[in-house]
Amino acid sequence: MSEAVSYELQDEIGVISVNNPPVNALAQIVREGILRSLELAQEDDSKAIVLCCEGRTFIAGADITEFGKPPREPGLPKVLSAIENSSKPVVAAIHGTALGGGFEVALACHYRCAIKSAKVGLPEVKLGLLPGAGGTQRVPRIAGVKAALDMITSGNPVAVPKAHNMGLIDALLDGDDLLSASVRYAMGLIESGAPLKRIRDINIDSKELEPDFFENARKKLARRARGQIAQDRIVSCIEAAVELPIDEGLERERELFLELVSSPESAAMRHIFFAERQAAKIKDLPKDAALRPINKVAVIGGGTMGGGIAMCFANVGIPVVLLEVNDEALDRGLGIIRKNYNITVQKGKLPENQMEQRISLISGTTNYEDIADVDMVIEAVFENVDLKKEIFGKLDSVCKQGAILATNTSYQDVDIISEATARPQDVVGMHFFSPANVMKLLEVVRGEKTSDDVLATVMQIGKKIRKVCALSRVCYGFIGNRMLGGYGREAQMLLLDGCTPSQVDSALEGFGMAMGPLAMGDLAGLDVGYKAREARTDLPDDPKLYRMGTLLVEMGRHGQKTGSGFYKYDPETRKRVADPEVEDRIIEEANKLGIERRAVSDDEILARCFYPLINEGAKILEEGIAQRASDIDVVYIYGYAFPVAKGGPMHYADAVGLKNVYDKICEFRDRYGEEYWSPAPLLKQLAEEGKSFAEWDKERSGS
Ligand code: T1G
């Protein structure tokens with residue numbers, strides 16, 4: 001065995017117990033321990049073997065930290081073969097989440113039993129991988145081809161009762177003592193003379209498949225997973241399961257797994273897996289920072305953001321009081337919430353009774369006295385700093401001591417807002433992204449005086465409401481919006497240089513962005529950016545700057561909401577259509593500005609739009625606004641739909657090479673001026689040292 005795996009005889013049952021916190025990942029010591037235990041069990045008096053885990057979960061997968069390193073024996077296939085070829089029945093006893101290689105271990109067992117609260121799944125696709133230890137060959141054999149394809153290409157966990165109905169689990173166990181129940185179940189198998197049931201011996205019934213089933217599956221999946229390749233390879237594996245004997249199917253699966261595990265897409269997605277978890281950790285915060293209990297929340301402002309934020313808390317069972325200035329606004333706000341829930345119910349994503357239960361957790365008031373007892377307040381009113389200061393003054397006088405006072409501002413100075421109270425240590429930024437009940441990113445903004453336990457509590461409650469949190473210090477736009485400035489600026493500059501809106505957006509959508517910046521501007525409303533620019537005093541006085549965005553607003557073309565912006569929009573389908581009038585106007589404006597338009601390559605479009613992001617990200621790091629480059633990647637993946645298969649702007653910069661990025665920025669500086677293209681000192685330094693952002697992070701994480 002090994003220190004991570006123990007083996008002991010309990011009556012006639014050999015019990016293999018894995019103990020590799022925190023999630024019993026299949027590290028080399030675990031694989032070795034299971035193999036050794038199986039060898040012992042073949043020789044002793046046991047009549048059956050139970051494989052279980054200590055701690056909070058059954059094996060949650062291969063050890064992702066081992067990928068990208070030289071493989072170490074024994075490999076997982078060898079362990080699974082030993083399980084499957086055991087002379088005695090091996091029973092997997094599942095609790096928590098049996099995922100990835102963990103569930104594949106269970107599938108190699110002869111029987112699987114589980115407690116009802118457990119889940120099973122094959123989430124490899126979320127790491128740009130595929131189940132590389134038989135999952136694509138065994139699941140179709142017991143759950144059918146279509147169910148297998150859905151389960152493996154979605155990567156979503158399946159609750160055990162449903163998995164039992166699918167044939168993936170043989171027995172549901174009652175009671176809390178999993179080990180005793182699973183030992184009893186194993187004894188039952190022996191007494192009933194149950195055979196050594198091996199999934200590999202089941203033939204797949206593919207009669208129900210229409211002729212071009214796999215081709216159609218590939219086309220549908222390609223539309224859904226921008227820039228990702230794992231889905232296509234999963235289809236090939238399941239096709240092999242239908243067409244080949246299992247050993248050849250396993251070989252095909254292994255071949256495609258090895259292709260994926262060495263792909264840049266998977267490296268990017270594994271980077272984000274760990275980056276997301278790192279981002280939730282605040283470097284200088286003591287690990288045992290006390291948490292304030294959050295049992296009741298108030299949201300100030302029942303607009304789109306406030307309503308969405310209220311839903312986030314109701315969705316996890318936390319009562320919310322929505323406060324508005326008058327009954328009419330309050331009714332409108334509560335109406336927005338009900339409408340949003342109804343949409344989710346109509347999409348079949350939420351049962352009606354759950355909607356009513358969640359809505360019942362959201363109450364409304366126009367009276368500040370009614371929120372005196374809440375544990376957390378999130379202000380979500382207009383982006384007007386005076387209004388916010390007035391509200392925080394009221395909160396300071398009404399809310400109980402210890403209540404956390406958060407602002408959802410997207411760029412106002414949290415320190416200035418906190419000065420409106422006598423408790424700046426309780427004030428923090430919680431910047432949600434619209435729609436707040438959908439977007440996963442939560443920028444947590446740390447004021448100069450925000451206390452450690454407030455930060456720790458907000459990080460914890462952020463995870464509880466299923467957000468991905470990233471910490472930002474105070475600056476204009478925090479991390480995401482501050483970086484976005486250059487991205488939007490260059491998208492419009494490129495129009496004057498020679499591009500059409502479609503060319504700019506298509507280049508970026510071809511890279512994997514969900515929507516190009518100009519179409520995104522039309523969606524958000526060009527007047528929003530126009531007003532924000534009007535309020536700023538720090539923008540250069542440059543007639544080229546946001547020229548077309550400004551002109552379109554002045555022409556009344558605010559975007560989708562007025563039927564036209566950079567594009568025209570079909571009133572029925574809201575599909576964007578190129579508008580010759582806009583394209584002619586761009587040429588006219590370029591001529592007025594004396595710009596000689598030219599052909600612009602997609603590569604230049606990508607560099608002109610993404611390198612300002614990267615350059616600003618480097619400045620954000622050296623100013624200490626963000627803790628890590630990987631935090632910035634998390635912000636862009638979860639807040640701005642940057643393609644996860646590219647790993648975020650900083651990971652992408654590392655892939656391009658920081659010297660290449662730096663040299664190109666210098667070239668743009670020489671062509672377009674220092675105003676917009678001043679290379680960040682940190683970028684220059686790393687480029688000259690031949691280092692990456694990942695190395696910069698590592699040097700500062702101590703890991
Ligand atoms: N390998 C290594 N570390 C892991 C890990 C894994 N598989 N899963 C989690 N961790 C670490 C994580 O980084 C964090 O570390 C700590 O455990 C707690 O995780 C061959 C190839 C199981 C649902 O994709 O989905 O098997 O930050 O914060 O919220 O076909 O972890 O504390 O230092 O997420 O309670 C497939 C990934 C792998 C499952 C628990 N398996 N993990 O969630 O805790 S590929 C997965 C999860 C594979 C085979 C293929 C979740 C969880 P730290 P956490 P949680």
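The values are calculated or read from the model by the stated rules, or taken from the named source; none is laboratory data. What you are looking at is a predicted structure, and each value in this text was computed from that prediction instead of being measured. Ideal geometry is used to build each Cβ from the backbone, glycine not excepted, and the neighbour counts take in all protein chains shown. Side chains are part of the model used for accessible areas, which takes the heavy atoms of the whole protein and leaves out ligands, DNA and RNA. Shrake-Rupley method; radii C 1.70, N 1.55, O 1.52, S 1.80 Å.
Of everything in segment 543-572 that's farther than 17 Å from Asp584 by Cα and assigned to a helix (DSSP H, G or I), which residue is farthest from the chain's Cα centre (by Cα)? So, considering only residues that are farther than 17 Å from Asp584 by Cα and assigned to a helix (DSSP H, G or I), the one farthest from the chain's Cα centre (by Cα) is Thr562. Just one residue in the set Asn315, Asn367, Asn384 is under 28 Å from the mean Cα position of the chain (by Cα) and in the same structural domain as Thr457 (by TED's automatic domain parsing); that residue is Asn315. If you go through segment 645-677 and keep only what is at pLDDT below 95 and open to solvent by 30 Å² or more (accessible area, probe 1.4 Å), you end up with Arg671, Tyr672, Glu674, Glu675, Tyr676. Every listed requirement among (1) within 16 Å of the ligand (Cβ to nearest atom); (2) surrounded by fewer than 24 Cβ atoms within 10 Å (Cβ to Cβ); (3) more than 15 Å from Glu253 (Cβ to Cβ); (4) among the β-branched types (Val, Ile, Thr) is met by Ile142 save one, (1). For beta carbons closer than 6 Å, sequence separation of 6+ or different chains, a first residue in segment 62-75 that is away from the ligand (no atom under 12 Å from the Cβ) and a second that is not acidic (Asp, Glu), the qualifying pairs are Arg72/Gln28; Pro74/Arg31; Pro74/Leu35.
Given the residues Leu130, Leu168, Leu99, Leu149, which is the only one that is away from the ligand (no atom under 14 Å from the Cβ), touching a Phe, Trp or Tyr at 6+ places or on another chain (Cβ under 9 Å), in contact (Cβ under 8 Å) with a residue 40 or more places away in the chain and farther than 26 Å from Ser192 by Cα?
Testing whether each residue is away from the ligand (no atom under 14 Å from the Cβ), touching a Phe, Trp or Tyr at 6+ places or on another chain (Cβ under 9 Å), in contact (Cβ under 8 Å) with a residue 40 or more places away in the chain and farther than 26 Å from Ser192 by Cα leaves just Leu149.
Of the candidates Ile83, Ile59, the single residue that is of a type outside the set (Asp, Glu), in contact with a helix residue (DSSP H, G or I) (Cβ under 6 Å, 6 or more places away or on another chain) and near the ligand (Cβ under 9 Å from one of its atoms) is Ile59.
Meeting the requirement of 3 or more residues that are assigned by TED's automatic domain parsing to the domain that holds Cys113 and under 29 Å from Ser262 (Cβ atoms), the strands (runs of 3 or more DSSP E) wholly within segment 5-102 are 97-99. Taking (1) within 16 Å of the ligand (Cβ to nearest atom); (2) surrounded by fewer than 16 Cβ atoms within 10 Å (Cβ to Cβ) in turn, Asp11 satisfies each apart from (1).
Checked across segment 148-164, the condition of being assigned to a helix (DSSP H, G or I), open to solvent by less than 50 Å² (accessible area, probe 1.4 Å), among the small types (Gly, Ala, Ser) and under 24 Å from Glu210 (Cβ atoms) holds for at least one residue. Would you call Ile625 closer than 30 Å to Leu285 by Cα and touching a residue at least 12 places away in the same chain (Cβ under 8 Å)? It is true that Ile625 is closer than 30 Å to Leu285 by Cα and touching a residue at least 12 places away in the same chain (Cβ under 8 Å). Does any residue of segment 423-430 turn out to be assigned to a helix (DSSP H, G or I), assigned by TED's automatic domain parsing to the domain that holds Asn342 and either open to solvent by less than 10 Å² (accessible area, probe 1.4 Å) or of a type in the set (Val, Ile, Thr) (or both)? The answer is yes, given that some residue of segment 423-430 is assigned to a helix (DSSP H, G or I), assigned by TED's automatic domain parsing to the domain that holds Asn342 and either open to solvent by less than 10 Å² (accessible area, probe 1.4 Å) or of a type in the set (Val, Ile, Thr) (or both).
Sub-7 Å Cβ pairs linking a first residue in segment 1-27 that is under 17 Å from Val50 (Cβ atoms) to a second residue that is basic (Lys, Arg), at least 6 apart or interchain, are Met1/Arg36; Glu12/Lys47, ordered by first then second residue.
Checking the structure you have, find out if any residue of segment 571-582 is open to solvent by less than 30 Å² (accessible area, probe 1.4 Å), at pLDDT 95 or above and more than 23 Å from Glu675 (Cβ to Cβ). Within segment 571-582 (the criterion being open to solvent by less than 30 Å² (accessible area, probe 1.4 Å), at pLDDT 95 or above and more than 23 Å from Glu675 (Cβ to Cβ)), the answer is yes, since at least one residue qualifies.
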